[in-house]
Amino acid sequence: MKLFAFAHAYTAAAVEPRKRDEGQTMAEYSVALTIITIAVITAISLLSGKVVDTISAVADVLPGS
C-alpha cells in the first residue's frame, strides 16, 4: 500500500508542473496578441491619412484624371 501511495504521489508531482506551464504559455500568448493588436491599430490610425494623401497625389499625376 505504501508503494501505491508513493507511486501516486510521484506521478501527481510530475504532472502538476506541466499544467502550470501550459497555463503560463496561454497567458503569454494572450499578452503578446494584445500588444500586437494595439500596435497594428495604432499604425493603421497613424498612417491612414498619409496613405489617402499619397493615393490622391498619384491619381492626380496619372493621365486622364
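The values are calculated or read from the model by the stated rules, or taken from the named source; none is laboratory data. Only a predicted model underlies this, so the values are computations on that prediction, with no experimental measurement involved.
Restricting attention to the stretch 39-62, does a residue exist that is of a type in the set (G, A, S), assigned to a helix (DSSP H, G or I), at pLDDT 70 or above and under 15 Å from the mean Cα position of the chain (by Cα)? Walk me through it before giving the result.
Of all residues in the stretch 39-62, those of a type in the set (G, A, S) come to 39, 43, 45, 48-49, 56-57, 59.
This time we only want the ones that are assigned to a helix (DSSP H, G or I), so: 39, 43, 45, 48-49, 56-57, 59.
Checking which are at pLDDT 70 or above leaves us with 39, 43, 45, 48-49, 56-57, 59.
Pick out the ones that are also under 15 Å from the mean Cα position of the chain (by Cα) and you get 39.
Looking for residues that are of a type in the set (G, A, S), assigned to a helix (DSSP H, G or I), at pLDDT 70 or above and under 15 Å from the mean Cα position of the chain (by Cα), one finds at least one in the stretch 39-62, hence yes.
Suppose the filter is part of a helix (DSSP H, G or I), among the polar types (S, T, N, Q) and modelled with pLDDT under 85; does T34 pass it?
no
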